[in-house]
Amino acid sequence: MVLEGSSEALCPPSSLELRPSCNKSQPSPPLSSSSQPHDGVFPEDKEPVKYGELIVLGHNGSLANGDKGRRRSRLALYKRPKANGVKPDVIHNVSTPLVSKALSNKSQHSISYTLSRSHSVIVEYTHDTNTDMFQIGRSTESMIDFVVTDTVGSSSSSSSQGGGAAGEGGGGGGQSAQSTISRYACRIMCERSAPYTARIYAAGFDSSKNIFLGERAAKWRTSDGLMDGLTTNGVLVMHPAGEFVSEPAPGVWREISVCGNVFALRETRSAQQRGKLVENESNTLQDGSLIDLCGATLLWRTPAGLRHTPTLKQLESLRQELNAARPQCPVGFNTLAFPSLAQREIVDKKQPWVYVNCGHVHGYHNWGYRKEKGPAGPGGTAPASTGERECPMCRRVGPYVPLWLGCEGGLYLDAGPPTHAFCPCGHVCSEKTVVGWSQIPLPHGTHAFHAACPFCGTWLTGEQGYIKLIFQGPVD
C-alpha cells in the first residue's frame, strides 16, 4: 500500500550526479549534449568522487533491450554537486485523521508506521549535509535513481508475495503488476567525506517524500523508543566473509530494516515475524556485497575492487588472444573463434562448443545424441534435443553448449585468463571468478537459495558448477 500524494515529484537526478560506468567494462551509450560531465560543477582537473558501482546479476554487460537512462544493468554512484541525504529528526504519535495532514507536506521526508486504525507513528527526516542518497526500485518516477526490473529466472518466478509495504503495489512506475520488486525498494546513503562509507536501508521515499508501512507490515518499537520495520518481501544483503578479490568466500544472508538494522532472515520471505537482531553486523556495504530485492540481485563494487577487474578493452584483448591461439575442433579440425563482444548471444559458425561434463571444446556438430534419452526428432533424423550428448573424446555424456565470454567485467574477481566456464550455460571467465561465484548461494523464491552464473542467472549444475576448458591447438 502506498499513500499517493500529489503528482509533484523530486527533481530528476542530474546527469552530473549519476552516470554510466566509466571503467569501460561494459558498452554504454554516449552522454547526451545536455549531460556533459561536471560542467560548471567540478574543477576541470579534478574528477568527482565515485562511491561505487551497482551491477545487476544475470545481464552479461547490458539489458536485453539495451541500457537506457536510469534503466540499465550497471550504474556508478558519484558524489553529488549538492548533498541530498536525510536523517531522522522529530517523532510524532498521531491519530489516523492526522496522518494525511502530517504526510501532506511535500517538502518534508517522513516515514509513517501504522500501528492500528487509530494510532500511527510518524518520523520526520531532516536534510543531512554529510550524505548523498540514491534510491533503487522498479518505479520509473524521477526520485528513483536506478530503475531495476525482474531478472528472468530470478526469485520473481516463484515468490508468492508482492506489493503492500514501503511503496510496493501494482500500478506504479509503468512496470508489470506481477513484479515482486518494490517500486521503492531501497536507498543507499553515502558519506560525502572519506572514506565515503555507503550504507543500505530498506524502502525508498515516494513522490510525496514518504515511506508508508501499513498495518500488515512488520514493524516494532525499539528499545530506545524509536520505530523500525521491514518491507513486504524484504531487502536481503550478504557481505563477503573475507576480501572479495583476494579471498572470495560467501558470508551469511541477512535482512536490512527500514532504519538500517541487521536481522536474521524471516522464516519465509514475507513472514510478518521478524528475524533475530544481529547486533555485531552492520548495513555498511563493502566490495562484493550482494543486495537482493526479491526479483533481482545487485552486486556492489568499490572503486578499489574494480581496479582488479578487466575493462572492456582488456576483455577484448583476452578474446583476441584466445582466437590467436587458433583452437581447433579435435574431430572436424576446423579453427574455432569466439565472436566479438558486440555479437554475444548470436551463435557464429566458428563458435566453440563444450561438453560441460568433461570440458572438451569442439566446433558445432550434429551427432553424439543419446538416443535412449529422447524420441526421434522431426523427420526421424535425430532424437529430440535433450541437451545430452556423448563427447567423442572421452565418452562422457552431458549437455553440449556454445561458449560465451563473460562480458561484464565488474563480475570478475580478477583479470586472469578465461580458462574456465560455468555449467551448464557455458559463460567463460577466469578460474578465480568461477570458483568464487560457485560458492555463493543466491536467493530464489520465498526461502530457497541456489548458486548461479552471475552473467546469465542460470543455476549451476555438476559437482563444482564449473569446468576447466580443454582446447586443442592447431595440428599444423
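Laboratory data are not the source of any read-out in this text; all were calculated from the coordinates shown. Quantities reported herein were computed from a predicted structural model and do not represent experimental measurements. Note that each Cβ is placed from the backbone with ideal geometry, even for glycine, and that neighbours are counted across all protein chains shown.
At a glance:
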{"read-out": "Packing rank of 195-203, 213-221, where each peptide gets the mean count of other beta carbons within 10 Å, highest leading", "value": "195-203, 213-221"}
{"read-out": "Nonlocal amide H pairs with Tyr466, under 5 Å, H built at 1.01 Å", "value": "Cys423"}
{"read-out": "Charge sum, other residues only, whose C-beta stays under 15 Å from Ala241's C-beta, Lys/Arg counted +1 and Asp/Glu -1", "value": "-3"}
{"read-out": "Tensor-based shape of the stretch 178-231 (alpha-carbon gyration tensor, a/c under 1.5 rounded, otherwise prolate or oblate)", "value": "oblate"}
{"read-out": "Sequence of Cys423, Cys329 once ranked by neighbouring C-beta atoms within 10 Å, starting from the fewest", "value": "Cys329, Cys423"}
